[in-house]
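Only one structure is covered here, and it is reproduced in the block below.
The values are calculated or read from the model by the stated rules, or taken from the named source; none is laboratory data. These numbers come from a predicted model, not from an experiment. Cβ sites come from the backbone with ideal geometry, for glycine too, and all protein chains shown count toward neighbours.
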Amino acid sequence: MRKNPPKASPKNLPSFRKRFSALQNLPRFFALVWETNKALTIGNIIFRLIKSALPLLVLYIGKEIIDEVIRLMDHRTDSHQYLWILVGAELALTIISDLLNRCITLFDSLLGDLVANKTSVDLVHHAAKLDLYQFENPVFYDKLERARRQTSGRTVLLSQTLAQMQDILTLISLGAGLVVFNPWLILILIVAVIPSFIGETHFNEKTYSLTRSWTPERRELDYLRYLGSSAETVKEVKVFGLENYLASRFKSLSDEYYDANKKIAISRAGWGYLLSAIGTFAYYGAYLFVLLQTLSGLITIGTMTFLSGSFQRMHGMLQGIMTRFSGIAENALYLQDLFDFFEIQPTIPANESGKIVPKPIRKGIVFENVGFKYPDNDFWALRNLSFTIQPGEKLALVGENGAGKTTLVKLLASLYKPTEGRILIDGVDLQDYQLADLRANIGIIFQDYIRYEMSVSDNIAVGDISNIDDKAAIENAANMSMALDVISGLPNKFEQVLGKRFKDGTELSGGQWQKIALARAYMRNAQIVVLDEPTSALDARAEHEVFKRFSGLIQGKMAVLISHRFSTVRMADRILFLEKGKLIEYGSHEALLDQDGKYAELFNLQAEGYL
């Protein structure tokens, strides 16, 4: 944890040029909006175009009403018909304006929700394409966290930008009226709002810098909040009495962020008031000028009302436009975080034009001098691995924790890319196969399998999600993994929601969860099946029964088994013993015992535990 995150000092602030260049994100953003829903986008633009012309019409009709009333007061015998037409027109414009406002708000809301949903879906799809090691990098997680926050938080940019366009059109129409009377009023108006605009821009920069620099800390705050109020962690929090520690740590970090943000907020409020006062004085100076022109008889009272109303609206609108511009630039900067995430590319390409995995695999799998180390890490997790897995063979991986067993499995599944060497299936490098097809031929149950807080049926179906509606296959998979006895005792059987996150959910024991997870392996019609210590929560007898059944599943297929129980390991055709990422021993159970090496030593130690 960073105790002292970088402060929002001027040198850390994005320059005006950078903020202005961030507006280049808007075309890409509106392309996304257009792609999301063309009809809503067109409707929104049309409504705003109509709405932009209404203020000028309302002000002009108001001027005509006042002048007509004064004229009628001087000529009491004249008809009032024109006055009532004007009043009716103003009423109609007011009703239309209210209708347009509601339509615009509705379309903004609907478009915003659709854009947020589409962006979230795109985020999920893109994240799934990225490499596993990227998710194990904290810098990547910061980028991911910022991108997640933009899926909903930046949809306001849509209404901001459209409102900006609408107000600019309105400003142009109102400005035309002022120019006809006196061009100097426009100049006074622009000068009046510049100080406030500069102030808002400056403080938006400071806010953006603070928010961005605190991304790791905000992730930690979210994590601490999760630890302190989660069903998954509540047992240890209670048993170890962690509530005070977690609350204190959260309070300390959140208070530090609050203090940093408070300084900006106070400065913003103070300077904002002073700079806004300058604009107010300028506005009343122009207003005084209009009043003097009226008193001297140069303009009518109706014209005075029109000009003062136009100036007032333009003052507020121009100030809003400049302030909104700063906000749009800020949001465009945040939007850059989302687009930056989408620019991240995997090092393991999908290779959609690659080869299809042979069915069946005839020559097997070959590891040729395979080595792997994590990026920015000099430590080799695996090195100089060379071995084969024959078709129909069961291979067991053995070694102490940290020996590299799970890393080897991830390399086989192309979750990692070898740093050196290569892995072949039927003589073809894994990287030359279509990634999706390759993974479809590999079924893996990891030791840290996911407990999906969904129905039992969905939990099993994730093993082959394309067959989520195949109830017979799901029930057969549950039977093969010995999960059927667990399911039969649940209130809603296969439709029972697991976990306590949602209403009417039921929590399972560790062993029961493992049987559900194992059923996923039976759902997948894979040629290569891997079990990475998925039975650690089962007792020895249950695990032995699981692997006996599992042997039936993998007839004619290649299998990789990882287990610390040698009673299970000895069921494999060959055993690969790893130590510190290197292949130490390789052979059958009997052959390794005859070698009287590391494998034999660990086997005998475990056997003594059963005496």
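Do we find that G427 is closer than 24 Å to N384 by Cα and surrounded by 17 or more Cβ atoms within 10 Å (Cβ to Cβ) in this structure? Criteria not met by G427. Of all residues assigned to the stretch 402-420, at least one qualifies as being outside the structural domain of G499 (by TED's automatic domain parsing), within 26 Å of R565 (Cβ to Cβ), modelled with pLDDT under 85 and surrounded by fewer than 16 Cβ atoms within 10 Å (Cβ to Cβ). Do the conditions hold for L318, that is, is it assigned to a helix (DSSP H, G or I), at pLDDT below 80, aliphatic (A, V, I, L, M) and over 30 Å from I70 (Cα atoms)? The answer is yes for L318.
Which of the following residues is more than 25 Å from K410 (Cα to Cα), of a type in the set (A, V, I, L, M, F, W, C) and surrounded by 19 or more Cβ atoms within 10 Å (Cβ to Cβ): I460, I487?
Among I460, I487, only I487 is more than 25 Å from K410 (Cα to Cα), of a type in the set (A, V, I, L, M, F, W, C) and surrounded by 19 or more Cβ atoms within 10 Å (Cβ to Cβ).
Whenever a residue of the stretch 283-298 is assigned to a helix (DSSP H, G or I), its partners that are surrounded by 12 or more Cβ atoms within 10 Å (Cβ to Cβ) and among the hydroxyl-bearing types (S, T, Y), lying with C-beta atoms within less than 6 angstrom and at least six residues away or across chains, give the pairs Y287/S308; V290/S308. Checked against (1) at pLDDT below 80; (2) within 30 Å of G279 (Cβ to Cβ); (3) hydrophobic (A, V, I, L, M, F, W, C), F135 passes all but a single condition, namely (2). When each of D458, D448 is tested for being at pLDDT below 90 and acidic (D, E), the lone residue that passes is D448. Cβ-Cβ under 6 Å, sequence separation 6+ or interchain: first residue in the stretch 34-49 and in contact (Cβ under 8 Å) with a residue 12 or more places away in the chain, partner polar (S, T, N, Q). Which pairs? Close Cβ pairs satisfying both conditions: R48/Q166.
Candidates G316, G309: the one that is under 30 Å from S159 (Cα atoms), surrounded by 14 or more Cβ atoms within 10 Å (Cβ to Cβ), free of Cβ contacts under 8 Å to residues at least 12 places away in the same chain and out of contact with any Asp or Glu (no Cβ under 7 Å at 6 or more places or on another chain) is G316.
State whether one or more residues within the stretch 383-390 are of a type in the set (F, W, Y) and not assigned by TED's automatic domain parsing to the domain that holds V139. Checked the stretch 383-390: at least one residue is of a type in the set (F, W, Y) and not assigned by TED's automatic domain parsing to the domain that holds V139. Mind checking which residues of the stretch 514-527 are in contact with a helix residue (DSSP H, G or I) (Cβ under 9 Å, 6 or more places away or on another chain) and in contact (Cβ under 8 Å) with a residue 40 or more places away in the chain? Selection gives Q514, I516, A517, L518, A519, R520, A521, Y522, M523, R524, N525, A526. Those residues that are among the acidic types (D, E) and outside any loop (DSSP other than H, G, I, E, B), I need them from the stretch 507-533; list them, please. Across the stretch 507-533, the qualifying residue is only D532. K405 passes every criterion in (1) under 28 Å from K515 (Cβ atoms); (2) basic (K, R); (3) without any contact (Cβ under 8 Å) to a residue 60 or more places away in the chain apart from (3). If you filter the stretch 274-296 down to residues that are among the aromatic types (F, W, Y) and at pLDDT 75 or above, you find that the one that is farthest from K63 (Cα to Cα) is F281. Set side by side, the residues T105, T119, T94, T36 differ, and just one is within 17 Å of L162 (Cβ to Cβ), polar (S, T, N, Q) and touching a helix residue (DSSP H, G or I) at 6+ places or on another chain (Cβ under 8 Å), which is T36. For the stretch 408-440, a tally of residues being within 14 Å of G354 (Cβ to Cβ) and among the β-branched types (V, I, T) returns 2. Of the listed requirements (1) surrounded by fewer than 18 Cβ atoms within 10 Å (Cβ to Cβ); (2) under 34 Å from the mean Cα position of the chain (by Cα); (3) of a type outside the set (K, R), I328 misses just one: (1).
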